Amino acid sequence: MDNPQLTIADLASIQSLIDTACSRGAFKAAEMKQIGEVYEKLTGFLQAVKEQAESEAAQQSQGE
């Protein structure tokens, strides 16, 4: 790959993978804080992207 890219869909997949791995006990208890912090950052980022997309869609529909 010349120019590797990470998409919003990729990040959502990573979020799902973390959730699944945690529910299946893939991480040690001592690792859970760090995993949780990353998961929360990822969740916050994805929520912000979703809200921005919804806002842009609303603005476009008002402009029509």
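The values are calculated or read from the model by the stated rules, or taken from the named source; none is laboratory data. Because the structure is predicted, anything quoted here is derived from the model rather than measured. Using ideal geometry, Cβ is built from the backbone for each residue, glycine included, and neighbour counts are taken over all protein chains shown. Note: areas computed on protein heavy atoms with side chains; ligands, DNA, RNA excluded. Shrake-Rupley method; radii C 1.70, N 1.55, O 1.52, S 1.80 Å.
Points to keep in mind about this one:
- Kirkwood estimate for the chain, i.e. one over the average of 1/r between Cα atoms, Å: 13.9 Å
- Averaged over its residues, the chain has an accessible area of 85 Å² per residue, based on protein heavy atoms and a 1.4 Å probe.
- The chain: angle of helix 32-63 to the longest principal axis, Cα-based, in degrees nearest 10: 10 degrees
- Most tightly packed first, judged by the mean number of other beta-carbon atoms within 10 Å of their residues, the peptides 43-49, 2-8 read 43-49, 2-8.
- Share of carbon and sulfur in the accessible heavy-atom surface of the chain [1.4 Å probe, %]: 53 percent
- Crossing angle, helix 8-23 versus the chain [Cα axis fit, 0-90 degrees, rounded to tens]: 30 degrees
- Neighbour-limited loop hits for trypsin sites (Lys or Arg not before Pro), the chain (at most 14 other Cβ within 10 Å; DSSP other than H, G, I, E, B): Arg24, Lys28
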